[in-house]
Amino acid sequence: MHVRLLLLFTMMTGAFAQNRTVTDAEVMRVHRSALLIDTHNDVTSRTVDGFDIGPRAPSGHTDIARLKEGGVGATFFAVYVAARYAEGSHSANRALQMVDTVRHDIAARYPNDFMAAASVKDIEEARRRGKIAALMGIEGGHAIEDSLRLLRDYYSLGVRYMTLTHTNTNNWADSSGDIANPQVQHHNGLTDFGKDVVREMNRLGMIVDISHVADKTFWDALAASRAPIFASHSSARALTNVPRNMTDEMIVALAKQGGVVDVNFNCGFISQKSADADARKEKSPRAALADVVDHIDHIRKIAGIDAIGIGSDFDGVECTPEGLEDVSKFPNLTRALLEKGYTPEDIRKIYGENFLRVMRAVEAAAGK
Ligand SMILES: [Zn+2]
């Protein structure tokens, strides 16, 4: 009898903590109260080739109709420069074209829906005006073609973060994408010039993004930076063992310096089954919304609620989780987090406040 009572009690409290019933009205109330900032969206790879982000599209993950349904408040659009542009030094050309597609095909084409933004103040102003803040982050440090002058040019065009590498090691930073390839000449992390890049980013007020970098590059960047750094789209390696994700040690160290890990929704980064299929070059089985929640939970457990953000990687990946298929589905994540016992305050931190804290700190450290 005693044992059964105890069991019943455990089940009830468990149910209360883990599976609280949440109404649709509560989901939408909490969702709307948050300023949702997605720090990595790759729809720019489509708009640069003529895709119209306005009307609801039958394919892809992003358009204005779905951004509104998803209650997205701000998006960092990826100024993505593929590794192949480094051959023959076309990286800057490509970066400028990608900057233009954010400014011309997104912000200027739909001024009633987007507001070009480059600061915390801008993001908050866009929200007051009921618009989506459109920001830019460079993906792939080879975009600067080894020149701090180009880095400064990108800053003046409005770029506010740079991922130090993409999947390729460049002339000053090692990437997780080819770190196991002995054919590639590595640097044991960041070179002296790589550290200069980090310091110049600090001076300008551009956020250092360590998604994609090799582990040693992460540690070197963390040591070199005067301001908090972040992962614009990475998840936890303890749950899904791929080099693109961060170890617990890295996450804890990043959080200690005030940084955030913006969780990536790519199936292969949040589900080991999907990651294993990716490694065998097989079709990735769909991950689930619950996998994203598991990664958020894990980061909270080891580094605290202040270390978590959102970096979906929508339109940059083939496979998105069931229930989080595209930008319109963010309210499903809000529901899942509420059901798990996250408070509205927790959710507002994860969705935007934590990232804004990082951006504010980077802005405050600039010019010094
Ligand atoms: Zn990426």
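The values are calculated or read from the model by the stated rules, or taken from the named source; none is laboratory data. As the structure is a prediction and not an experimental result, all values here were calculated from the model. All Cβ positions, glycine included, derive from the backbone under ideal geometry; neighbour counts span all protein chains shown. The area values use the complete protein model at the heavy-atom level, side chains included, leaving out ligands, DNA and RNA. Shrake-Rupley method; radii C 1.70, N 1.55, O 1.52, S 1.80 Å.
Residue under question is residue 44, and the condition is that it be away from the ligand (no atom under 16 Å from the Cβ), within 26 Å of residue 150 (Cα to Cα), touching a helix residue (DSSP H, G or I) at 6+ places or on another chain (Cβ under 6 Å) and among the hydroxyl-bearing types (Ser, Thr, Tyr); does it hold? Show your work before the answer.
On the way: away from the ligand (no atom under 16 Å from the Cβ): no; within 26 Å of residue 150 (Cα to Cα): yes; touching a helix residue (DSSP H, G or I) at 6+ places or on another chain (Cβ under 6 Å): yes; among the hydroxyl-bearing types (Ser, Thr, Tyr): yes.
No: the conditions fail for residue 44.
Between a residue in the range 315-326 that is over 21 Å from residue 139 (Cα atoms) and any residue that is within 16 Å of the ligand (Cβ to nearest atom), which pairs come within a Cβ distance under 8 Å, given they are 6 or more apart or on different chains?
So the pair list comes out as 321/265; 321/267; 321/270; 324/265; 324/312; 325/61.
Would you mind stating whether residue 105 is part of a helix (DSSP H, G or I), surrounded by 19 or more Cβ atoms within 10 Å (Cβ to Cβ) and not hydrophobic (A, V, I, L, M, F, W, C)?
Details: part of a helix (DSSP H, G or I): yes; surrounded by 19 or more Cβ atoms within 10 Å (Cβ to Cβ): yes; not hydrophobic (A, V, I, L, M, F, W, C): yes.
Here the answer is yes, as residue 105 does meet what is asked.
Exactly one of these conditions fails for residue 87: (1) out of contact with any Phe, Trp or Tyr (no Cβ under 9 Å at 6 or more places or on another chain); (2) of a type in the set (Asp, Glu); (3) at pLDDT 95 or above. Give me its number.
Every condition holds for residue 87 apart from (3).
Out of everything in the range 54-74 that is part of a loop (DSSP other than H, G, I, E, B) and under 16 Å from residue 351 (Cβ atoms), what residue ends up being most open to solvent (accessible area, probe 1.4 Å)?
As a first pass, look at the range 54-74 and keep what is part of a loop (DSSP other than H, G, I, E, B): 54-63, 70-71.
Next, only the ones that are under 16 Å from residue 351 (Cβ atoms) stay: 70-71.
Details: 70: 0, 71: 31 Å².
This residue is 71.
Any residue in the range 78-92 that is assigned to a helix (DSSP H, G or I), in contact (Cβ under 8 Å) with a residue 24 or more places away in the chain, open to solvent by less than 30 Å² (accessible area, probe 1.4 Å) and in contact with a helix residue (DSSP H, G or I) (Cβ under 7 Å, 6 or more places away or on another chain)?
Initial filter on the range 78-92 (assigned to a helix (DSSP H, G or I)): 83-86, 91-92.
If we keep only those that are in contact (Cβ under 8 Å) with a residue 24 or more places away in the chain as well, we get 83, 85-86, 91-92.
Keeping just the survivors that are open to solvent by less than 30 Å² (accessible area, probe 1.4 Å) gives 91-92.
Then keep just the ones that are in contact with a helix residue (DSSP H, G or I) (Cβ under 7 Å, 6 or more places away or on another chain); that gives 91-92.
For the range 78-92, residues assigned to a helix (DSSP H, G or I), in contact (Cβ under 8 Å) with a residue 24 or more places away in the chain, open to solvent by less than 30 Å² (accessible area, probe 1.4 Å) and in contact with a helix residue (DSSP H, G or I) (Cβ under 7 Å, 6 or more places away or on another chain): present.
Step by step: first the residues of the range 159-208, then only those that are among the hydroxyl-bearing types (Ser, Thr, Tyr) and assigned to a loop (DSSP other than H, G, I, E, B), then the one that is farthest from the chain's Cα centre (by Cα). Which residue is that? Before the answer, list the steps.
Filtering the range 159-208 for residues among the hydroxyl-bearing types (Ser, Thr, Tyr) gives 161, 163, 165, 167, 169, 175-176, 191.
Going one step further and asking which of them are assigned to a loop (DSSP other than H, G, I, E, B), we end up with 165, 167, 169, 176, 191.
Working: 165: 14, 167: 16, 169: 20, 176: 17, 191: 25 Å.
Here the answer is 191.
Restricting to the range 340-368, name every residue that is within 24 Å of residue 137 (Cα to Cα) and either surrounded by 21 or more Cβ atoms within 10 Å (Cβ to Cβ) or among the aromatic types (Phe, Trp, Tyr) (or both). So that I can check it myself, show each step before the final result.
First, the residues of the range 340-368 that are within 24 Å of residue 137 (Cα to Cα): 347-368.
Listed by number, the residues that qualify are 347, 349, 350, 351, 352, 354, 355, 358, 359, 362.
Among the residues of the range 198-208, is there at least one that is open to solvent by 50 Å² or more (accessible area, probe 1.4 Å) and within 16 Å of the ligand (Cβ to nearest atom)? Write out each step before concluding.
Just the residues of the range 198-208 that are open to solvent by 50 Å² or more (accessible area, probe 1.4 Å), to begin with: 199, 203.
With the extra rule that they be within 16 Å of the ligand (Cβ to nearest atom), the set shrinks to none.
No: zero hits.
Against the conditions (1) under 19 Å from residue 212 (Cβ atoms); (2) open to solvent by less than 10 Å² (accessible area, probe 1.4 Å); (3) of a type outside the set (Phe, Trp, Tyr), where does residue 123 fall short? Just the number, please.
(1)
Within the range 136-151, restricting attention to residues that are closer than 23 Å to residue 116 by Cβ and within 16 Å of the ligand (Cβ to nearest atom), which residue is surrounded by the fewest Cβ atoms within 10 Å (Cβ to Cβ)?
137
Just need a number here: residues in the range 232-261 that are out of contact with any helix residue (DSSP H, G or I) (no Cβ under 7 Å at 6 or more places or on another chain) and within 15 Å of the ligand (Cβ to nearest atom).
Residues that pass the stated criteria total 5.
Condition check ((1) outside any strand (DSSP E or B); (2) buried (at least 17 other Cβ atoms within 10 Å of the Cβ); (3) out of contact with any strand residue (DSSP E or B) (no Cβ under 8 Å at 6 or more places or on another chain); (4) of a type outside the set (Asp, Glu)) across all residues:
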{"residue": "220", "(1), (2), (3), (4)": "yes, yes, no, no"}
{"residue": "233", "(1), (2), (3), (4)": "yes, yes, no, yes"}
{"residue": "244", "(1), (2), (3), (4)": "yes, yes, yes, yes"}
{"residue": "262", "(1), (2), (3), (4)": "no, yes, no, no"}
{"residue": "299", "(1), (2), (3), (4)": "yes, yes, no, yes"}
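Restricting attention to the range 152-169, and to residues there that are polar (S, T, N, Q) and either in contact with a Pro (Cβ under 6 Å, 6 or more places away or on another chain) or buried (at least 24 other Cβ atoms within 10 Å of the Cβ) (or both), which single residue is farthest from residue 120 (Cα to Cα)?
Narrowing the range 152-169 to residues polar (S, T, N, Q): 156, 163, 165, 167-169.
Going one step further and asking which of them are either in contact with a Pro (Cβ under 6 Å, 6 or more places away or on another chain) or buried (at least 24 other Cβ atoms within 10 Å of the Cβ) (or both), we end up with 163, 165, 169.
Details: 163: 19, 165: 25, 169: 31 Å.
In this case the residue turns out to be 169.
Between residues in the range 27-45 that are without any contact (Cβ under 8 Å) to a residue 60 or more places away in the chain and residues that are open to solvent by 10 Å² or more (accessible area, probe 1.4 Å), which pairs lie under 8 Å by C-beta distance while being six or more apart or on different chains?
Between residues of the range 27-45 that are without any contact (Cβ under 8 Å) to a residue 60 or more places away in the chain and residues that are open to solvent by 10 Å² or more (accessible area, probe 1.4 Å), the close pairs are 32/71.
Assuming residue 287 fulfils every condition listed in (1) within 16 Å of the ligand (Cβ to nearest atom); (2) buried (at least 24 other Cβ atoms within 10 Å of the Cβ) apart from one, which condition is it?
So the condition that residue 287 fails would be (1).
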